[in-house]
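Single-structure report; data block below.
The values are calculated or read from the model by the stated rules, or taken from the named source; none is laboratory data. Everything quoted here is computed from the prediction, not taken from an experiment. Cβ coordinates were reconstructed from backbone atoms using ideal geometry, including for glycine residues, and neighbour counts include every protein chain displayed. Keep in mind that these areas ignore ligands, DNA and RNA; they rest on the heavy atoms of the full protein, side chains included. Shrake-Rupley method; radii C 1.70, N 1.55, O 1.52, S 1.80 Å.
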Amino acid sequence: MGLLRLERGAKVVMFAGKGGVGKTTLSATTALHFAKKGYKTLILTSDPAPSLSDIFECDVGDRITEVTDNLYALELSTEEVLRRWKEKFGGEVYEVLSSLVPVQEEIIDYIGSAPGIDEEFMLDYIAELAREEEYDRIVWDTAPAGHTLRLLKMPIIFIEHLDEAAKVYLRLYSAMLKIRETLGLRKPRREIFDIISGWRKLSEELLEFLRLPQVEVIPVGIPQGLSVSQLRRFMQELKNFKIEVNKIVMNNVVKNHECEFHRRVAEMQQRYLKELREAYPEVELVEVPLLSHEIKGLESIRGMEDLLFG
Ligand SMILES: Nc1ncnc2c1ncn2[C@@H]1O[C@H](COP(=O)(O)OP(=O)(O)O)[C@@H](O)[C@H]1O
Ligand SMILES: [Mg+2]
C-alpha cells in the first residue's frame, strides 16, 4: 500500500502546539483559504476537546459535515477512533493474542484503550484519507502538543516494542505450537509473524508519511517564554524524526503599541521572535497579529484569511 505513492494524493497541513496558542483558529483560516481557492478541503481535529463546532458555529461532530462551499469538517471523538481501530485491527490483535494465551474477545477493547493507540490510528486514518484523493487538501488541527509529540513518537515506540516482543514471541511460539492443541487454543489463519511484521511495516510507513513533502507540519506558538521553550523542544523532536519544518507560526504578536503596557509587551515579544529567527534561520517565521476581537464564525474567519493570505 505504498504511502510513498502519495504524490497524487491530498496535501496535508497539520498545526501543532500548546493549548490556546491558536491551532484551531489557524487551521480554520487555512482550510477556508484552500476552499476559497477551489480545493476540496477537509478540516479535522483530534483534540479531545474539539472546537470546530464553536469556531464554525455549526454542528460538526463525528460525521463529515459540509461547512461552506468546498469545505468539510470532522471532529473525531476518542470513541469513534477506537471503533474504527477495532474494525481495522481488532481482529488481527485478537488472532495473535488468542493463539498465545487463552483470552476473550473483550481483550480488544482493553488493548484499544492503551495510551498511544488512538494517536497511531489517527495517523493511519489521515494517511488513508490523503491517499484516497477524495479531498485535495486536509488540514489537521492536532491535539495539544503533549499528545502530538506522543503521536510522532508512536511509530518508533511501536517498532522498538515489536523488536522486543518479536524475540519473546519467537521463544514462546515454538513451545506454544506444541501445546496449542492440548490447550485447545485457536489456530491463527495467518502466521503470527506475518501479522506482526505487517504492523511493523505500517508503523514505518506512518513515519515515512510524515516525512513526505506534501505533508507539512507547522508548529504554532506565541512569543512568550513558556511557549517558546516548548516550541524549541518540539522542533528538536521533529528534527530527531527527520521531519522537516518550513514554517513556524507565531501568533498573538502585538503590532500597535500606543500605550506603555503594549509597548513593553511588544518589546518582550520581539526578543523571543529574534531568538527564534536566530535559532532557525532556514525556517520562515510567520507573525500573526493579536487582534482586538475573537475569531468565531465564517465572517470572522474570512477576515483572518484576508489578513493572512490577502
Ligand atoms: N491572533 C489572534 N488574535 C486574537 N485572538 C486570537 C488570535 N488567535 C487566536 N485567538 C483566540 O484565542 C483563543 C484560542 O485560540 P484557539 O485557536 O482555540 O487555540 P488552540 O486551538 O491552539 O487551543 C480563541 O478564543 C481565539 O479566538
Ligand atoms: Mg483548538
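Could you give each residue of the range 11-26 its phi-based ³J(HN,Hα) in whole Hz, using Karplus coefficients 6.51, -1.76, 1.60 with θ = phi - 60°, and x for Gly or Pro?
Result, ordered by residue: 7, 10, 10, 10, 9, 9, x, 4, x, x, 7, x, 4, 5, 4, 5 Hz.
Report ILE248's accessible area, 1.4 Å probe, all protein chains in place, as a number in Å² to the nearest 10.
0 Å²
Using the charge dipole of the range 253-310 (Lys, Arg: +1 at Cβ; Asp, Glu: -1 at Cβ; taken about the Cα centre), state which of VAL288, VAL254, LEU298 has its Cα farthest towards the positive end.
Toward the positive end, the furthest listed residue is VAL254.
List every residue whose amide H lies under 5 Å from the amide H of GLU287, counting only residues 5 or more places away in sequence or on a different chain, with H placed 1.01 Å from N in the peptide plane.
Long-range HN contacts for GLU287: MET250.
How about the range 213-287: which trypsin sites (Lys or Arg not before Pro) there are in a DSSP loop, with at most 15 other Cβ atoms within 10 Å of their Cβ?
Answer in residue order: LYS242, LYS255.
Give the long-range amide H neighbours of ALA16: residues separated by 5 or more places, or on another chain, with amide H under 5 Å away, using H modelled in the peptide plane at 1.01 Å from N.
Residues meeting the amide H criterion: ILE218, VAL220.
Using the Cα gyration tensor of the range 263-310, with a ≥ b ≥ c the square roots of its eigenvalues, what is the shape: rounded (a/c below 1.5), prolate (a/b larger than b/c) or oblate (neither)?
oblate
Using amide H atoms built in the peptide plane, which far-off residues or other-chain residues are under 5 Å from LYS40 H to H?
Long-range HN contacts for LYS40: ASP136, ARG137.
If N is the number of residues in the range 31-108, what value comes out of its Cα radius of gyration divided by 2.2 N^0.38 Å?
Ratio of Rg to 2.2 N^0.38 Å for the range 31-108: 1.55.
Quick one: what are the phi-derived ³J(HN,Hα) couplings along the range 219-224, Karplus 6.51/-1.76/1.60 with θ = phi - 60°, whole Hz, x for glycine and proline?
Listing the rounded values in order: x, 10, x, 10, x, 9 Hz.
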